[in-house]
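The values are calculated or read from the model by the stated rules, or taken from the named source; none is laboratory data. Everything quoted here is computed from the prediction, not taken from an experiment. Backbone-built Cβ (ideal geometry, glycine too); neighbour counts: all protein chains shown. Only protein heavy atoms, including side chains, enter the accessible area calculation; ligands, DNA and RNA are left aside. Shrake-Rupley method; radii C 1.70, N 1.55, O 1.52, S 1.80 Å.
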Amino acid sequence: MKKYSMETTVGVFVLIGLVCVGYMTVKLGKVSLFGEDTYPLYARFATVSGLRAGSAVEIYGIEVGSVTSLGIDAERQMGLVSMKINKGIKVYDDAAATIKTAGLIGDKLVKIDPGGSGELLKPGGTITQTTVPTDIEDLIGKYAFGDVKKGQEQSAK
């Protein structure tokens, strides 16, 4: 009799452990079991250098989504960024998107100014106003080799 109660106790603890591992896997893996609580948006940039799938999407400095994939829009010859935005976040058709760096040498992220004077972007909509970040490496290279001064002199002429 004692043998079966010990096996039952061990079985209950193993079952509780498996449920906890499954719960943590879903929470840490950001997996949704009961439908998505996000919607897709797109943006086209002249360059998406340094951005990667999984990068954050921020509005007003608050993370509201993530980059799902990067691709090429062959028709417009631009980089296409696919994002998922949390439901309840309103982005309008006059929104502007910029690729920024988190901190001085941190990861790249997409920063969105959601606009507000236009119509709401529907799921799958595209943000048309985008700006490309200044490439720090190019600026450092130009400064190191003296091209910055040459470029300023040529524009003054």
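Quick look at the numbers
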| read-out | value |
| --- | --- |
| Long-range neighbours under 8 Å by Cβ, at least six apart or interchain, first residue over 16 Å from Met83 (Cβ atoms) and among the charged types (D, E, K, R) within the stretch 116-134, second assigned to a strand (DSSP E or B) and at pLDDT 85 or above | Glu119/Tyr92 |
| All positions within the stretch 115-141 that are in contact with a Phe, Trp or Tyr (Cβ under 8 Å, 6 or more places away or on another chain) and farther than 14 Å from Ser49 by Cβ | Gly115, Gly116, Ser117, Gly118, Glu119, Leu120, Leu121, Pro123, Gly124, Gly125, Thr126, Ile127 |
| Which numbered condition Ile59 misses (of (1) open to solvent by 60 Å² or more (accessible area, probe 1.4 Å); (2) under 18 Å from Thr130 (Cβ atoms)) | (1) |
